[in-house]
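Presented below is the structure to which this report refers.
What follows draws every value from the coordinates through simple rules; no lab data is involved. As the structure is a prediction and not an experimental result, all values here were calculated from the model. Heads up, the Cβs are rebuilt from the backbone with ideal geometry, glycines too, and the neighbour counts pull from every protein chain shown.
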2 protein chains.
Amino acid sequence: MISESMKTLCANNSAIRVMFEEGNRLAALYGRENVYDYSLGNPYFPAPERVRQSIEAVLAEEEPNTIHGYMPNAGFPAVRQAVAENLNRRFGTAYSAENVIMTVGAAGGLNCVLRCLLNPGDEVLVFAPYFMEYGSYVRNFGATLKAIPSDSETFLPDPEALRAAVGPKTRALILNTPNNPTGVIYPREVLAALGKVLEEKGAEYGAPIYIISDEPYRELAYDGREVPWLPSCCKNVIVGYSWSKSLSLPGERIGYLLIPSDIEDYENVVQGCTIAGRVLGFVNAPSLIQLAVARCLDASADIAAYDANRKLLYDTVTAAGFSAVYPEGAFYLWMRAPGGDDKALCEKAKAYNLLLVPGSSFAGPGSVRLAYCVSPDMIRRSAAAFEKLAKEFHLK
Amino acid sequence: MISESMKTLCANNSAIRVMFEEGNRLAALYGRENVYDYSLGNPYFPAPERVRQSIEAVLAEEEPNTIHGYMPNAGFPAVRQAVAENLNRRFGTAYSAENVIMTVGAAGGLNCVLRCLLNPGDEVLVFAPYFMEYGSYVRNFGATLKAIPSDSETFLPDPEALRAAVGPKTRALILNTPNNPTGVIYPREVLAALGKVLEEKGAEYGAPIYIISDEPYRELAYDGREVPWLPSCCKNVIVGYSWSKSLSLPGERIGYLLIPSDIEDYENVVQGCTIAGRVLGFVNAPSLIQLAVARCLDASADIAAYDANRKLLYDTVTAAGFSAVYPEGAFYLWMRAPGGDDKALCEKAKAYNLLLVPGSSFAGPGSVRLAYCVSPDMIRRSAAAFEKLAKEFHLK
């Protein structure tokens with residue numbers, strides 16, 4: 001008696017549940033410390049102490065009706081202004097509160113943008129591999145997501161492949177850099193080339209094609225790599241951000257949309273995204289945590305610790321004989337499945353209590369994703385398991 | 001370049017904005033203390049002190065990765081169990097965590113249920129007058145909301161009118177008691193009669209018609225009036241609750257769905273509502289505030305203060321010569337527009353700095369809504385304005 005589209009979602013959901021249950025089964029059999037779970041993108045390093053201090057300061061200094069009450073649907077004006085000024089300092093921009101909508105995480109923000117832009121039957125593009133929930137977000141509103149393969153070696157997007165994929169129903173391209181699941185950061189010149197294609201095709205079809213930049217991993221960049229500010233590379237960019245990873249607050253559901261004033265149809269897009277938040281039932285981003293993050297915009301989770309994990313895991317799997325993309329950002333390692341069968345690799349890995357996610361779950365068959373937002377000790381303890389798994393494929 | 005449906009929403013949104021701006025304009029001209037704003041359903045009496053204590057206890061006693069981390073999409077199992085046990089104590093039920101999904105407010109919960117149940121082209125019923133956002137929620141997913149008039153004197157729903165309205169595309173009926181905007185509480189026998197109609201029509205069409213009970217005002221009942229527990233009156237009820245009013249936490253976006261085990265297709269509905277939360281981008285209800293409300297489930301906002309406001313406002317408007325439904329619950333007074341033109345009454349009221357909402361904004365023309373979640377002093381100060389307004393209609 002549930003809807004047809006929900007029946008499909010329920011059927012697909014079982015794969016995630018099966019993996020979760022498999023983890024619990026293995027933990028019960030062998031002990032949690034002997035299971036090497038690389039499947040979940042859940043921050044391991046806790047929120048910085050300043051988050052707790054900020055929450056306590058809000059509770060001490062503000063009135064309950066301010067802390068917990070309604071504010072404009074787009075968020076507290078002072079919080080939005082603080083976010084804008086923080087971006088201005090970092091990226092040399094000139095945003096104000098009018099360019100910021102506080103959202104229930106990045107996922108909430110993305111749904112607001114899609115609710116705002118999409119007519120049933122419209123199309124959104126994305127480069128594969130990609131976070132598969134994007135497809136569900138787009139289908140919520142009767143539109144379809146169309147995937148374009150990335151380069152099979154570099155996992156960078158190809159502007160000419162984008163040109164070939166755009167059609168008259170294309171409303172937007174979702175970009176995600178640093179990328180989940182590959183850990184790749186898209187360079188500025190690649191982004192500029194993508195933007196140019198969309199400008200040309202938008203002009204050809206007589207309607208803008210927006211870039212929706214999903215940036216939960218923006219702060220997680222290593223070796224001093226630049227994560228280019230998308231609106232400075234391309235036209236018509238809407239940025240969706242979340243503090244889930246950068247402040248280790250995934251449960252709090254707090255993020256923002258940044259909508260530059262110079263995008264096409266700016267007024268309607270801002271109003272539409274704000275109304276979308278209201279009619280989708282978000283209404284506004286949670287209030288106390290809005291006020292708290294505004295007090296620690298320059299704080300961050302322990303990036304150095306993720307960086308150490310990155311090197312440790314890369315060295316561990318390559319020492320065992322596997323080959324992987326050396327991650328530039330986010331907290332994922334994209335490892336090639338010997339022989340190309342990612343699902344078979346994940347099945348075999350379970351025998352060594354290694355939980356990996358097949359690339360097929362990201363529309364990227366042939367590789368597997370390892371989330372290294374885990375304890376460094378777990379990575380060390382898992383080395384022998386990777387060695388044994390590699391032997392099965394005669395990698396050394 | 002925004003979607004067609006969003007263009008309509010933007011156009012309709014201007015009415016709310018115009019009222020908000022009118023309030024600011026009058027405040028600038030005459031001083032905020034001389035404007036009598038009855039337009040907003042925003043709690044006036046603050047969250048009880050126990051909420052702050054509970055947040056501080058969570059921060060002191062739990063680990064940051066628990067407080068701010070991901071949990072199952074349906075919410076912390078212990079929080080869900082605590083909610084279930086609280087309901088069991090109050091209503092003699094036998095719920096467990098498996099019947100509770102924590103949500104981003106009641107509006108978020110309603111969107112999850114509708115995303116779960118509705119195919120494009122389906123129909124949802126509601127009794128008018130009603131909170132008009134329901135229509136937007138239903139239309140998010142390509143379905144339509146059909147309003148059934150309530151009794152024009154008692155504003156109670158009529159089971160036979162419901163019978164006439166149900167069709168083969170009817171998936172659900174939204175009920176809201178205590179009611180916004182009328183303040184009426186539906187008695188048990190009326191609810192049972194509605195449930196019986198839906199059972200019969202569901203059997204006739206071969207598919208259950210769910211009751212979605214939107215209950216943000218459950219705790220706001222006066223004179224000892226019972227707010228019947230819907231699942232004990234009718235089959236196939238899904239309850240959506242929010243602590244926005246009962247604990248004065250509207251900005252925090254915290255509520256729950258209660259899905260009894262004996263509804264038709266229970267397993268799929270629970271899974272579907274949980275997945276809906278994920279794919280709509282809510283992911284989970286905000287984590288810290290989940291843990292906090294679980295520690296003060298028996299706390300409540302100052303109901304006695306709302307009760308005093310209720311009597312004060314009713315006496316004020318009736319002394320001036322207006323007639324109104326004596327509110328049984330919620331914090332709204334439903335006042336008849338002399339001559340039946342609610343919009344004209346609101347326009348005339350502005351001349352006396354009185355901000356009222358026309359019933360037409362709730363599909364209930366002929367009356368106006370006054371929200372008495374305001375300072376008692378404002379009600380007292382507004383008495384002269386109501387007297388002057390009444391004189392224009394020669395009510396005395």
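At a 10 Å Cβ-Cβ cut-off, how would you order A:391, B:348, fewest neighbours first?
Working: A:391 12, B:348 18.
Ordered by Cβ neighbours within 10 Å, fewest first: A:391, B:348.
To the nearest 20 debye, what charge dipole does the protein assembly as shown have about its Cα centre, counting +1 at the Cβ of each Lys and Arg and -1 at the Cβ of each Asp and Glu?
Numbers: 74 positive and 88 negative charges, 45 e Å.
It works out to roughly 220 debye.
Could you state the angle between the C-alpha long axis of helix A:188-205 and the longest principal axis of the C-alpha atoms of chain A, as a value from 0 to 90 degrees rounded to the nearest 10?
The answer is roughly 60 degrees.
Calculate I(q)/I(0) for chain A by the Debye formula, one identical point scatterer on each C-alpha and no solvent, and give its log10 at q = 0.06, 0.08, 0.12, 0.13 Å⁻¹ to two decimals.
-0.24, -0.43, -0.99, -1.15
For a test of the definition: using alpha carbon positions, the gyration tensor, and the 1.5 limit on a/c, classify region B:1-138 as rounded, prolate or oblate.
Details: a/c = 2.05, a/b = 1.32, b/c = 1.56.
Oblate, because a/c is 1.5 or more while a/b does not exceed b/c.
What residues have an amide H closer than 5 Å to that of residue B:357, excluding those fewer than 5 places away on the same chain, when H is modeled at 1.01 Å from N in the peptide plane?
Distant-sequence amide H within range of residue B:357: B:369.
Show me, for region B:82-93, the HN-Hα J-couplings you get by feeding each phi into the Karplus relation (A = 6.51, B = -1.76, C = 1.60, θ = phi - 60°), rounded to Hz, glycine and proline as x.
5, 4, 4, 5, 4, 5, 4, 5, 7, 10, x, 9
Scan around residue A:173 for amide H atoms under 5 Å from its own, H built in the peptide plane at 1.01 Å from N, and keep only partners 5 or more places away or cross-chain.
Here the answer is A:125, A:210, A:211, A:212, since their amide H atoms fall under 5 Å of that of residue A:173.
A 31 angstrom limit on the alpha carbon distance is what I want to check against. Which of B:169/B:245; B:201/B:343; B:245/B:396; A:7/A:311; A:196/B:7 exceed it?
Working: B:169/B:245 33 Å; B:201/B:343 37 Å; B:245/B:396 36 Å; A:7/A:311 41 Å; A:196/B:7 28 Å.
Listed pairs above 31 Å: B:169/B:245; B:201/B:343; B:245/B:396; A:7/A:311.
Can you run phi through the Karplus equation (6.51, -1.76, 1.60; θ = phi - 60°) for region B:131-142 and list ³J(HN,Hα) in whole Hz, with x for Gly and Pro?
Rounded to whole hertz, the list is 5, 5, 4, 3, x, 5, 4, 5, 6, 3, 10, x.
Hey, which residue of A has the C-beta nearest the axis mapping A onto B, and what's the distance in Å?
Closest to the rotation axis on chain A: A:286, 2.
Between residue A:377 and residue A:18, what is the spin-label point distance in nm, taking each point 7 Å from the Cα along the Cα→C-beta axis?
Simple spin-label model gives 3.3 nm for this pair.
Applying a 10 Å radius around every beta-carbon, put B:317-326, B:350-359 in order of their mean neighbour count, most first. Display every interim value, and only then the final one.
Working: B:317-326: 17.3, B:350-359: 20.4.
Ranking, from highest mean packing down: B:350-359, B:317-326.
How much of the pair distance distribution for the protein assembly as shown lies past 34 Å, counting alpha-carbon pairs only, in percent?
On the way: 159621 of 313236 pairs.
Roughly 51 percent, rounded to a whole number.
Other chains' Cβ within 10 Å of B:284-295 residues: what's the mean? All intermediate terms of the calculation are to be shown ahead of the outcome.
Values: counts 6, 4, 12, 7, 9, 6, 1, 1, 1, 0, 0, 0.
Partner Cβ neighbours, averaged per residue: 4.
Using only the Cα atoms of region B:137-182, build the gyration tensor, take square roots of its eigenvalues as a ≥ b ≥ c, and label the shape rounded, prolate or oblate: rounded if a/c is under 1.5, else prolate if a/b is larger than b/c, else oblate. Intermediate results must be reported in sequence, preceding the final value.
Details: a/c = 2.65, a/b = 1.40, b/c = 1.89.
Judged from the Cα gyration tensor, region B:137-182 comes out oblate (a/c at least 1.5, b/c at or above a/b).
Going by how many other beta carbons lie within 10 Å of each one, how would you line up A:50, B:32, fewest first?
Values: A:50 16, B:32 12.
Neighbour counts put them in this order, fewest first: B:32, A:50.
Once a ≥ b ≥ c are taken as the square roots of the eigenvalues of the Cα gyration tensor of region B:146-286, is the result rounded (a/c under 1.5), prolate (a/b larger than b/c) or oblate (a/b not larger than b/c)? Don't skip to the end; give the middle numbers.
Details: a/c = 1.89, a/b = 1.09, b/c = 1.74.
It is oblate, given that a/c is not under 1.5 and a/b is not larger than b/c.
Taking each residue in B:68-80, count the Cβ atoms of any other chain within 10 Å of its Cβ, then average. What number comes out? Let's see the in-between values first.
Numbers: counts 16, 11, 7, 3, 1, 1, 0, 1, 1, 0, 0, 0, 0.
Taking all residues of B:68-80 together, the mean is 3.
Amide H neighbours of residue A:363 under 5 Å, at least 5 residues apart or on other chains, H built in the peptide plane: list them.
Here the answer is A:130, since their amide H atoms fall under 5 Å of that of residue A:363.
Shortest first and in nm with one decimal, please list how far the residue B:268 label point sits from its counterparts in the other copies (point 7 Å along Cα→Cβ).
Relative to the other copies, residue B:268 has label-point distances of 3.8 nm.
Please compute the average number of Cβ atoms from other chains found within 10 Å of each residue's Cβ in peptide A:245-256.
Mean shielding by partner chains, rounded to a whole number: 5.
Can you give the local net charge around residue A:353? Use residues other than it whose beta-carbon is closer than 11 angstrom to its beta-carbon, Lys and Arg +1, Asp and Glu -1. Mind showing how you got there, number by number?
Details: positive: A:25, A:32, A:350, A:381, A:388; negative: A:22, A:33, A:37.
Spelling it out: positives minus negatives among the neighbours equals +2.
Roughly how many nanometres apart are two label points built 7 Å out from the Cα toward the Cβ at residue B:205 and residue B:223?
My value for the distance between the label points is 3.6 nm.
I need the inter-copy label distances for residue A:72: point set 7 Å along Cα to C-beta, values in nm with one decimal, smallest first.
4.0
List, in order, the whole-Hz ³J(HN,Hα) value for each residue of region A:374-381 obtained from phi through the Karplus relation with A = 6.51, B = -1.76, C = 1.60 and θ = phi - 60°; use x for Gly and Pro.
Along region A:374-381, the couplings run 9, 6, x, 4, 4, 4, 4, 5 Hz.
Given the DSSP H assignment, sum -39500 (n - 2.57) over each helix run of at least 4 residues in chain B and divide by its residue total; what's the result at 222 nm in deg cm²/dmol, nearest 500? Present the calculation step by step, with values, prior to reporting the outcome.
On the way: 14 runs with 169 residues, N = 396.
Dividing the helical sum by the residues of chain B leaves -13500 deg cm²/dmol.
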